[in-house]
Amino acid sequence: MDELVIRQPDDFHIHLRDDEMLPLSVEHVSAQFHRAIVMPNLRLPVVSTSMATKYRKRILAAIPTGQLFNPLMTLYLTDRTTPAEILLAKESGIVHGVKYYPAGATTNSDSGVTDLEGRFKVLEAMMMHGVPLLLHGEVTDKDVDIFDREKVFLDSILSRVVKEFPDLKIVLEHITTSDSVDFVDACSDRVAATITAHHLLLNRGDLFDGGIRPHHYCLPILKREEHRLALLRAAVSGSPKYFLGTDSAPHETHTKEASCGCAGVYTAHAAMECYAIAFDSVGSLDKLENFASTFGARFYELPLNMGHIKLVRKEQMIPPTYAYSGGTIVPFRAGQALNWSVEA
Ligand code: NCD
Ligand code: ZN
């Protein structure tokens with residue numbers, strides 16, 4: 001297959017950031033996706049519907065003329081989130097999920113939840129109002145090996161939440177292990193997972209390929225090859241529980257190329273091409289449309305997009321950096337050729 005026309009996809013997990021980074025991140029996401037679930041981990045986290053409404057306006061203002069893009073907002077769950085805020089979020093019509101970060105797990109997660117049990121009243125309200133819970137599925141205990149933090153989260157936290165809240169919709173975001181695939185497979189349909197393009201294309205060896213590779217450092221961290229293969233099997237399985245979420249996470253170059261570099265891989269510039277390469281590698285391009293354009297929309301109870309995009313097997317060069325007013329971003333596969341392109 002050298003050409004693929006699919007319904008326009010949605011990205012069910014992205015970081016767009018704010019201020020000077022917005023024009024570039026919004027330009028890239030809106031060139032491919034009609035909608036995106038926008039993460040709330042700004043430096044000042046988006047903790048209320050009123051903050052989400054204002055952030056959404058800033059995103060809308062950054063959309064290039066001629067593009068249609070609908071940002072789907074999320075709230076950041078903190079130790080202070082109330083059930084009343086959940087009702088406000090639901091009634092707003094613009095908030096589509098509430099994001100749980102364990103405190104200290106990843107970029108801008110200092111306001112994250114320290115004790116999920118203390119938030120059970122909020123989860124109850126979410127279950128009642130049909131607001132999905134989006135999870136960064138890792139424990140933060142420094143005594144747990146970094147490669148085991150996802151698995152320990154499943155065993156110590158998620159299994160309990162799934163039991164206590166049988167009707168709560170849950171998205172286990174950016175899964176990275178076969179353990180998560182097994183867990184999600186064993187749950188009912190109200191538990192789903194997103195998979196990033198970089199976790200489908202890289203394993204932990206790519207972090208140390210001839211030297212340390214800061215632009216491959218993300219959280220949850222890349223895992224062994226056997227886990228990458230399990231994710232790839234899940235993505236092409238045709239199960240509606242698995243859908244596209246890039247976790248594209250821009251960081252200014254010098255904050256990644258540093259003695260203590262930030263976590264996050266930037267893929268928004270060529271997200272669909274990267275997924276096409278991954279699906280193509282196992283002869284499953286025919287499974288890409290449902291993964292990218294159907295299953296997530298159904299899970300979030302959104303109408304399917306009307307437009308289409310065309311992917312062609314045609315080489316494109318990825319630039320070494322993208323410039324924005326605050327500096328540069330090094331994109332995934334910087335300076336390399338990709339053998340798929342999105343055609344306008
Ligand atoms: C994300 C970011 O930079 O905001 N980083 C990452 O490595 N994925 C945060 C996140 O989703 O964990
Ligand atoms: Zn993320």
Computed over segment 1-109, protein heavy atoms only, probe 1.4 angstrom, the accessible area per residue in square angstrom equals 40 Å²
Looks like segment 276-344, by Cα gyration tensor root eigenvalues a ≥ b ≥ c and the a/c under 1.5 rounded cutoff (else prolate when a/b is bigger than b/c, oblate otherwise), is oblate
Each label sits 7 Å from Cα toward the beta-carbon; between Q336 and D206 the label points are separated, in nm, by 0.6 nm
For segment 247-304, the per residue accessible area (1.4 Å probe, Å²) is 35 Å²
Mean accessible area per residue over segment 126-180 (1.4 angstrom probe, all protein chains present, square angstrom) is 40 Å²
Share of accessible surface on carbon and sulfur in the chain, whole %, 1.4 Å probe and ligands ignored, is 51 percent
In the structure shown, of K287/K314; K57/K314; K151/K287, the pairs separated by more than 31 angstrom at the C-alpha atoms are K57/K314
Where a ≥ b ≥ c are root eigenvalues of the Cα gyration tensor, a/c under 1.5 meaning rounded, otherwise prolate if a/b exceeds b/c and oblate otherwise, segment 24-158 counts as oblate
CD proxy, 222 nm, the chain: helix-only mean residue ellipticity via -39,500 (n - 2.57) per DSSP H run with n ≥ 4, per residue, nearest 500, stands at -8000 deg cm²/dmol
Residues whose built amide H sits under 5 Å from the amide H of N70, excluding neighbours closer than 5 in sequence, are R35, A36
Once normalised by the length of segment 96-180, the mean sequence separation of its alpha carbon contacts under 8 Å that are 6 or more apart gives a contact order in percent of 33 percent
Row for the chain, column shape: gyration tensor on C-alpha, a ≥ b ≥ c, rounded if a/c < 1.5 i.e. under 1.5, prolate if a/b over b/c, else oblate; value rounded
Links exceeding 22 Å between C-alpha atoms in this model, out of K169/K256; K99/K163; K142/K223, come to K169/K256
For segment 39-54, in residue order, the Karplus 3J(HN,Hα) values (coefficients 6.51, -1.76, 1.60; θ = phi - 60°; whole Hz; Gly and Pro = x) are 5, x, 8, 6, 3, 9, x, 7, 10, 9, 5, 5, 5, 5, 5, 5
Once amide hydrogens are built 1.01 Å from N within the peptide plane, the residues lying 5 or more places from L134 or on another chain with amide H under 5 Å from its amide H are V98, K99, Y100, V171
Here the relative contact order (percent) of the chain, from C-alpha pairs under 8 Å and at least 6 apart, is 19 percent
For S237 the rounded accessible area (nearest 10 Å², probe 1.4 Å, non-protein molecules ignored) is 60 Å²
The answer for V113, listing residues at least 5 apart or on another chain whose modeled amide H is closer than 5 Å to its amide H, is Y101, A103
Ignoring ligands and nucleic acids, T328 exposes an accessible area, probe 1.4 Å, in Å² to the nearest 10, of 40 Å²
Scoring segment 302-344 by relative contact order with C-alpha pairs under 8 Å, at least six apart, yields a percentage of 48 percent
Full extension between T255 and L87 adds, at 0.36 nm per residue less the Cα distance, a length in nm of 56.7 nm
Between S159 and A323, Cβ-based FRET efficiency (R0 51 Å, step 0.05) works out to 0.65
Note to self: C-alpha centroids of segment 163-197 and segment 254-283 sit apart, in Å, by 22 Å
For segment 1-98, percent of DSSP beta bridges that are antiparallel (nearest 5) comes out at 0 percent
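The values are calculated or read from the model by the stated rules, or taken from the named source; none is laboratory data. Please read all numbers here as calculations on a predicted model, not as lab measurements. Heads up, the Cβs are rebuilt from the backbone with ideal geometry, glycines too, and the neighbour counts pull from every protein chain shown. The accessibility values were calculated without ligands, DNA or RNA, using every heavy atom of the protein model including side chains. Shrake-Rupley method; radii C 1.70, N 1.55, O 1.52, S 1.80 Å.
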